[in-house]
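For reference, the structure discussed in these notes is given below.
The values are calculated or read from the model by the stated rules, or taken from the named source; none is laboratory data. Bear in mind that the values here come from a model prediction, so they are computed numbers and not experimental data. For neighbour counting, all protein chains shown are included, and Cβ atoms are generated from backbone atoms with ideal geometry for every residue, glycine included.
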Amino acid sequence: MFSKLTSQATVSLCGSVGFRPVLIALLFGSLSAHAKAKTLRAPAASTFRAKGIASWYDESRFTSTGERYRAREMTAAHPSLPFGTMVTVRNLNNGRIALVRINDRGPFKGGRIIDLSRAAAGHLGMLSDGLAPVELRIVPPARKPLPLLRVSSRSVERHGPVPF
């Protein structure tokens, strides 16, 4: 209300009411407008889609995150997505889909949008070809935490009593 006052109206209000109440009203008016602006949401990560050529790599010691490269895990390298982002990769030739976690940077060869681990490439059916046209989509993070793993009574019986 007070944030849209003209300078002439402000001067007349200051003369009749006083300067301090007008400043307080202007301050709270601008803060409420600022608070409304902060509540706007950024576009959802699930709207990210990209199409291009995927390749796979097998020999690497460490990834950009510092973890050891493991060819049997469903991981991938992408030039700009944040580490830990889960991405579905769909092979456009055969329709197969793989869920991978971004843990490395790459590919460094032009024209490619993602480098997959050996396991992910095998899951997509592109090991023999080496390259495949793919579509990428970000999987939004789960809103609920994963349920706790329950220990079955059989596993306790097999290992015997717990020593104290």
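Out of contact with any helix residue (DSSP H, G or I) (no Cβ under 8 Å at 6 or more places or on another chain) and either at pLDDT below 95 or in the same structural domain as Asp58 (by TED's automatic domain parsing) (or both), is that true of Val151? Taking the combined requirement at face value, the residue satisfies it.
When the criteria are applied in full, Pro133 fails the requirement of being assigned by TED's automatic domain parsing to the domain that holds Arg49 and in a loop (DSSP other than H, G, I, E, B). Suppose we keep only residues that are outside any strand (DSSP E or B) and basic (Lys, Arg) within region 80-113. Which one would you say is nearest to Glu67 (Cα to Cα)? Only one residue tops the list, namely Arg105.
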